[in-house]
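A short write-up of the structure that comes next.
The values are calculated or read from the model by the stated rules, or taken from the named source; none is laboratory data. Fair warning: this is a prediction, and the values are worked out from it, not measured in the lab. Heads up, the Cβs are rebuilt from the backbone with ideal geometry, glycines too, and the neighbour counts pull from every protein chain shown.
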Amino acid sequence: MLETLFNSGAADTTLSLSHALLTFAIAILLGGIISWTYTKTQENYSSSFTLTMLVLPTIVAIIILLIGSNIARAFSLAGAFSIIRFRSAPGDSKDISYVLFAMASGLACGVGAYSYAALFTVLLCVLMFVLKAVKFGVSKETTKTLKVTIPENLGYEEAFDEIFKKFNVDYELRKVRTTELGSLYELVYAIKLSPGTNQKELLDAVRTRNGNLDITLTMHPAVQEN
């Protein structure tokens, strides 16, 4: 009875309840492996993204199961999903690779290539751990964002050149804006600190130069601000 209901309206496909449940189970298992690998290889991550990695392969697999070999159904689903708009903050490029990873895993499960899906999932997860262990692509210098407030009588073009040279800081002035009705300037620098740089001494030197006004040193890679 249940099998008949499940297959009703899908005479043009080979979809069955047992096949669908097997696909669902394998996809959620592989999604869990991908999500766990992500949490172990990323230093900063959100719980919502780990949940996404868990369910994304299953969602993709379900879509592939629904489409099957029916071209008309494929166009219908494409039209339905085209109305969806995703709005989120830009993430790390590594996050995008995990999204594609999860989608590929779900796609393989959806077409029934379970062995292939499991094989490449395990291999890519191992690769992620190896890349993290060898610190592939990690710069020896740490890039940070430095925000400094200065009085209007202090020229911002070369305000801290001497200090940056003293501490061997590679810097780039990214943004300048006025605050407090134009009486103050806020400068945003992208700086690269050498491993031996004393951050406290650097901030103390900057604080002395800007008259003890606000200073913010962000501890994550600097991004271009709008």
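Laid out as a table, the results:
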{"quantity": "Top-ranked residue in the stretch 174-191 [being buried (at least 18 other Cβ atoms within 10 Å of the Cβ) and not hydrophobic (A, V, I, L, M, F, W, C); ranked as farthest from Glu152 (Cα to Cα)]", "calculated": "Tyr189"}
{"quantity": "Meets criteria (closer than 21 Å to Asn198 by Cα, in a strand (DSSP E or B), charged (D, E, K, R) and without any contact (Cβ under 8 Å) to a residue 60 or more places away in the chain) for Glu172", "calculated": "yes"}
{"quantity": "Residue list for the stretch 192-220, restricted to those being exposed (fewer than 13 other Cβ atoms within 10 Å of the Cβ) and at pLDDT below 80", "calculated": "Ser194, Pro195, Gly196, Met219, His220"}
{"quantity": "Residue among Ile163, Ile215, Ile191 that alone is over 31 Å from the mean Cα position of the chain (by Cα) and over 30 Å from Leu54 (Cα atoms)", "calculated": "Ile163"}
{"quantity": "Search result, residues across the stretch 51-61 that are surrounded by fewer than 18 Cβ atoms within 10 Å (Cβ to Cβ) and among the β-branched types (Val, Ile, Thr)", "calculated": "Val55, Ile59"}
{"quantity": "Candidates Phe129, Phe120, filtered to the one that is over 25 Å from Phe24 (Cβ atoms), aromatic (Phe, Trp, Tyr) and at pLDDT 85 or above", "calculated": "Phe129"}
{"quantity": "Search result, residues across the stretch 71-96 that are surrounded by 13 or more Cβ atoms within 10 Å (Cβ to Cβ) and modelled with pLDDT of 65 or more", "calculated": "Lys94, Asp95"}
